[in-house]
Amino acid sequence: MGALLELAGEGRLPEGFSEYIDLGSGLKRVAGSQAVFLKLLKSFLSGGQTEKLKEQIRDGNIAEAAATAHGIKGVAGNLSLTKLYEAMTRFEAGLKRGEVEDALREEAFDVAARTEAYIRTLVEIAD
């Protein structure tokens with residue numbers, strides 16, 4: 001668990017990182033395996049779920065978008081991507097009501113973009 005946590009302790013991660021990714025919690029969820037944690041983060045990035053969600057919203061497929069938001073929320077929770085989990089929880093709730101609220105949509109996609117950027121930074125530094 002140490003090397004990734006040391007990055008945070010040494011100030012090598014960007015400001016705001018810890019608000020978006022809880023490294024300690026994420027590593028605990030994978031029994032401290034940095035390799036597994038990084039693999040899961042990379043898989044999340046390559047999965048393209050955020051783009052899929054954007055397309056579903058753009059195409060008016062609200063029920064599908066709610067399901068995708070739910071999936072993103074689940075992965076975010078499992079990987080301790082805290083801000084993304086919170087944003088997708090709110091966005092999913094709105095979608096389940098059949099609403100695509102501009103503020104919730106903007107928040108969800110902004111948080112997703114920032115989270116993905118932080119993941120890319122972590123992967124680059126850790127590799």
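The values are calculated or read from the model by the stated rules, or taken from the named source; none is laboratory data. Small disclaimer: the values here were computed from a predicted structure and weren't measured. Ideal geometry is used to build each Cβ from the backbone, glycine not excepted, and the neighbour counts take in all protein chains shown.
Odds and ends about this structure:
- Count of residues meeting criterion [over 20 Å from residue 119 (Cα atoms) and touching a Gly at 6+ places or on another chain (Cβ under 8 Å)] in segment 29-73: 1
- Where helices (runs of 4 or more DSSP H) fall entirely within segment 1-115, those with at least 3 residues that are of a type in the set (D, E, K, R) and over 23 Å from residue 125 (Cα atoms) are at 49-58, 82-96.
- Condition check for residue 123: over 25 Å from residue 23 (Cα atoms) and touching a residue at least 40 places away in the same chain (Cβ under 8 Å): no
- Among the candidates 75, 100, residue that is at pLDDT below 95 and touching a helix residue (DSSP H, G or I) at 6+ places or on another chain (Cβ under 8 Å): 100
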